[in-house]
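The values are calculated or read from the model by the stated rules, or taken from the named source; none is laboratory data. Predicted model only: the values in this text are computed from it and were never measured. Please note: Cβ atoms are built from the backbone with ideal geometry, for glycine as well, and neighbour counts cover all protein chains shown.
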Amino acid sequence: MLAYRHAFHAGNHADVLKHVVLVQVLRYLVGKDKPFRYIDTHAGAGGYLLKGAQAQKKAEYREGINRLWSRPDLPEAVADYVRLVQEFNLEPGEDGVVPPLEKGMTPPLALYPGSPSIARMLMPRTDAMRLFELHPSDARTLAAHFGGNRHVQVLNEDGFAGLKGQIPPTPRRAAVLIDPSYELVGDYGKVVATLREAVTRFAEGVYMVWYPQVSRVEAVQLPKRLMALAPKGWLHVRMTVSQADQRGFGLTGSGMFIINPPYTLHQTLAEVMPFLVEALAQFDGAAFVIEEQPA
């Protein structure tokens with residue numbers, strides 16, 4: 001499916017939730033001081049120009065990252081995520097090296113990093129990344145963004161099908177992000193089938209699945225279907241920030257389902273989700289849910 005471009009949605013409330021979770025998972029894995037592989041089945045372009053025509057069409061980032069950009073009261077985990085986005089907005093020096101973010105410095109919000117860029121900022125440079133992107137233009141942009149780094153492999157292929165060839169990795173540590181657009185209803189079934197096979201082949205992997213909160217029965221059922229794949233060792237977080245339109249359409253929120261989550265993740269999310277709901281709410285009924293089944 002080649003119509004979808006994440007640039008139209010970059011930095012929105014769904015990206016905020018997805019990337020807060022991603023940062024916490026990767027921080028935990030990096031803290032173990034053992035190499036691991038990062039696999040992104042729907043990697044996108046790597047970075048997005050928020051002043052560009054696509055991002056400006058609906059300017060969804062204004063109700064997402066923009067609401068957090070200059071707040072001085074961010075919880076630690078949210079501040080960590082925002083700092084990474086701020087660093088992505090810094091101009092490189094004459095030597096091509098991006099200077100460190102100075103304390104109290106808030107650069108203009110012009111760019112938003114995709115998940116692969118956030119992962120690269122957190123991971124050791126020698127750890128492997130496998131990035132799938134089916135859209136040819138975005139795949140070219142992604143490859144150019146990583147500048148031929150030999151540890152990063154960009155594949156202009158279907159990530160659902162390609163994941164099988166990447167697991168189990170050597171050594172047997174990996175974080176897998178599965179976040180298709182779900183514009184095609186068949187994506188919901190593909191997520192379940194892909195994850196079922198992946199868990200069978202590589203049960204110890206950390207799997208992160210993002211999904212939209214929309215008026216589709218498949219979206220409502222997806223978390224329950226994922227729970228059945230991993231009776232133990234999962235965490236589910238969902239955030240609702242807006243209402244559907246009069247026809248019942250619209251992205252009202254999103255969720256993340258994590259198999260083999262870090263043991264620290266539940267407590268961190270319990271601390272930050274009330275803040276995120278308050279900060280990103282677009283109606284009085286904004287809310288969140290956190291569910292967990294420990295291993």
- Query: Taking the range 227-252 as the region of interest, how many residues are in contact with a Ser or Thr (Cβ under 8 Å, 6 or more places away or on another chain), on the phi < 0 side of the Ramachandran plot and of a type outside the set (S, T, Y)?
  - Reply: 7
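Here is a yes/no grid of residues against (1) under 24 Å from S137 (Cβ atoms); (2) under 17 Å from the mean Cα position of the chain (by Cα); (3) part of a loop (DSSP other than H, G, I, E, B); (4) modelled with pLDDT under 95:
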position: M1; (1), (2), (3), (4): yes, no, yes, yes
position: A14; (1), (2), (3), (4): yes, yes, no, no
position: H19; (1), (2), (3), (4): yes, yes, no, no
position: L26; (1), (2), (3), (4): no, yes, no, no
position: L29; (1), (2), (3), (4): no, yes, no, no
position: P35; (1), (2), (3), (4): no, no, yes, no
position: Y38; (1), (2), (3), (4): yes, yes, no, no
position: Y48; (1), (2), (3), (4): yes, yes, no, no
position: K57; (1), (2), (3), (4): yes, no, no, yes
- Note on the structure: Note on the range 230-262: residues part of a loop (DSSP other than H, G, I, E, B) and either of a type in the set (D, E, K, R) or in contact with a Gly (Cβ under 6 Å, 6 or more places away or on another chain) (or both) are K232, V241, A244, D245, R247, N260
- Message: Among the residues that make up the range 59-77, is at least one of them within 30 Å of K164 (Cα to Cα) and surrounded by fewer than 22 Cβ atoms within 10 Å (Cβ to Cβ)?
- Response: no
- Query: Looking at the range 95-190, what strands (runs of 3 or more DSSP E) fall wholly within it and have at least 3 residues that are surrounded by 13 or more Cβ atoms within 10 Å (Cβ to Cβ) and among the hydrophobic types (A, V, I, L, M, F, W, C)?
  - Reply: 129-132, 152-155, 174-178
- Item | Flag if E87 is among the acidic types (D, E) and either buried (at least 21 other Cβ atoms within 10 Å of the Cβ) or not in a helix (DSSP H, G or I) (or both) | no
- Looking at M227, is it surrounded by 13 or more Cβ atoms within 10 Å (Cβ to Cβ) and either not hydrophobic (A, V, I, L, M, F, W, C) or not in a helix (DSSP H, G or I) (or both)? no
- Task: Check A45 against each of (1) crowded, with 23+ Cβ neighbours inside 10 Å; (2) of a type in the set (G, A, S); (3) out of contact with any His (no Cβ under 8 Å at 6 or more places or on another chain) and name the one condition it does not meet.
- Result: (3)
- Task: Return yes when T194 is buried (at least 20 other Cβ atoms within 10 Å of the Cβ), part of a helix (DSSP H, G or I) and of a type in the set (V, I, T) and no when it is not.
- Result: yes
- Message: Would you confirm whether or not the range 263-282 contains a residue that is surrounded by 20 or more Cβ atoms within 10 Å (Cβ to Cβ), assigned to a strand (DSSP E or B) and not charged (D, E, K, R)?
- Response: no
